[in-house]
Amino acid sequence: MASNRHLGRIIVLQTLYELEFRTEANDPAASVEDILDRNIQRYKAMVEDQEFIRRLVMGISADTATLDETLGPLAPEWPIDQIARMDRTVLQIGLYELMHGEDVPPKVVINEAVELAKAFGGDNSSKFVNGVLGTYYRQNIESKEAEVPVQPAKKAKKS
């Protein structure tokens, strides 16, 4: 399933990248559903968890503005519109999974995003993605996990 999800994330990346590119080019035929369906069809023999792909693509495309607002303070020297499209898309995928994906451990999400950045981004993309998502993790997930008090084990009563 893990490698299947990795391929799924690649399909998500391809879909969102193409959608943004075509939207910025004012392509009136750019439709997230059409692009997604075509990309899933291309790999359908290798992908079992199509719902995972659809959930990510539809969630990210519907929540792009919020994701970008969240990313801004995490990389203050890089305004969101100056981040390379590929890096921004990888960051959106990773951040969305960190915010909404309860079934994948946060460190796995970050590692998957770093691997996407290594495969599809520039020379420093993986370090950038790791730094930004790592900052989100430390500020929003790790700090909350540390706040949860651990209940001491109760001693068994002697009879």
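Quick one: dipole size for the stretch 5-63, taken about the Cα centre, charges +1 on Lys/Arg Cβ and -1 on Asp/Glu Cβ, in debye to the nearest 20. Once rounded to the nearest 20, the dipole reads 260 debye.
Selection among Leu71, Ala45, Ala84 by position relative to the dipole of the stretch 33-118 gives Ala45 as farthest towards the positive end (Cβ unit charges, Cα centre).
Principal-axis analysis of the Cα atoms of the chain puts helix 85-100 at an angle of about 30° to the longest axis. Principal-axis analysis of the Cα atoms of the chain puts helix 64-74 at an angle of about 60° to the longest axis. Label zone of Lys118 (point 7 Å out along Cα→Cβ, amide N under 15 Å): in the stretch 2-24 this covers 3, 6-7.
When each of Arg9, Arg54, Arg138 is scored by the number of other beta-carbon atoms lying within 10 Å, the sequence from fewest to most is Arg138, Arg54, Arg9. From the coordinates of this entry, semi-axes √(5λ) of the Cα gyration tensor in Å is computed, and it appears in [x] 25, 17, 14; [y] 22, 18, 16; [z] 32, 21, 14 under the label [z]. For the pair Thr23 and Val104, what calculated FRET efficiency results from E = 1/(1 + (r/R0)^6), where r is the Cβ-Cβ distance and R0 = 30 Å, to the nearest 0.05? My answer for the efficiency is 0.60.
Every number in this text was worked out from the coordinates using simple rules, so none of it is lab data. Since this is a predicted model, take the numbers as computed values, not measurements. Every residue, glycine as well, gets a Cβ built from its backbone with ideal geometry; the counts of neighbours run over all protein chains shown.
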